[in-house]
1. Which of Phe14, Phe33, Phe87 has the fewest other C-beta atoms within 10 Å, and how do the rest follow up to the most?
2. Rounded if a/c is under 1.5, else prolate if a/b beats b/c, else oblate: with a ≥ b ≥ c from the C-alpha gyration tensor eigenvalues square-rooted, which is region 1-113?
3. Excluding residues on the same chain fewer than 8 positions from Lys75, give the aspartates and glutamates whose Cα lies under 17 Å from its Cα.
4. When DSSP assigns beta bridges and you keep just the ones with both residues in region 7-130, what percent turn out antiparallel, to the nearest 5?
5. So how far apart, in nm, are the two label points at Arg107 and Thr46 if each is 7 Å from Cα heading toward Cβ?
6. Would you please name the GluC sites (Glu not before Pro) within region 3-46 that are DSSP coil residues with at most 12 other C-beta atoms within 10 Å of their C-beta?
7. Can you compute 3J(HN,Hα) from phi for each residue in region 60-65, using the Karplus curve 6.51 cos²θ - 1.76 cosθ + 1.60 with θ = phi - 60°, rounded to whole Hz and x for Gly and Pro?
8. Neighbour counts of other C-beta atoms within 10 Å: give me Lys129, Lys118, Lys11 arranged from fewest to most.
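Since every read-out is calculated from the coordinates, none of them should be taken as a lab result. Quantities reported herein were computed from a predicted structural model and do not represent experimental measurements. Cβ atoms come from the backbone with ideal geometry, glycine included; neighbour counts cover every protein chain shown.
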Amino acid sequence: MNSVTDDLLFKLVFGDERNKNALIHLLNSVVGFQISEVDIRKTEMTPEFIGGKESRLDVLATDEKGRLYNVELQKQNDINMCERSLFYWSEVFYKQLDKGESYDLLRKTICINILEFKLCSCWRRSLDKFCDWLF
């Protein structure tokens, strides 16, 4: 018997325009504010250069305020889960703008990771490893 934690079933339920009300309910149960409409988008992220890493997101959607949501399901404990999530977030974030567009057009980008395992405290490690903020 399959469950919604099976990758294909998850994508069929939450990543299909015909079922977008299911995605709206999922997002509303997680994000802490009300979403009334979503537009489900293409999930394949093409590399920008030959040999670049290709990504295939589980669900990518935009709400009525332009916020972007990447919803990922992960069943197996991947020691690089934090890095992968940060990579997917950055890819969704930076691909919002075309050449010449202003940075103030960037919209909030939210990654939701549904995990079948307990996530360690790797978020701090990942941020410390990849992000130095000097102002």
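1. Phe33, Phe87, Phe14
2. Oblate is the answer for region 1-113, as a/c is 1.5 or above yet b/c matches or exceeds a/b.
3. Hits, sequence-local ones excluded: Asp6, Asp7, Asp58, Glu83, Glu116.
4. 55
5. Reported label-point gap for Arg107 and Thr46 is 2.1 nm.
6. Glu37
7. Residue by residue, region 60-65 yields 10, 9, 10, 9, 5, 9 Hz.
8. The order, fewest Cβ neighbours first, is Lys118, Lys129, Lys11.
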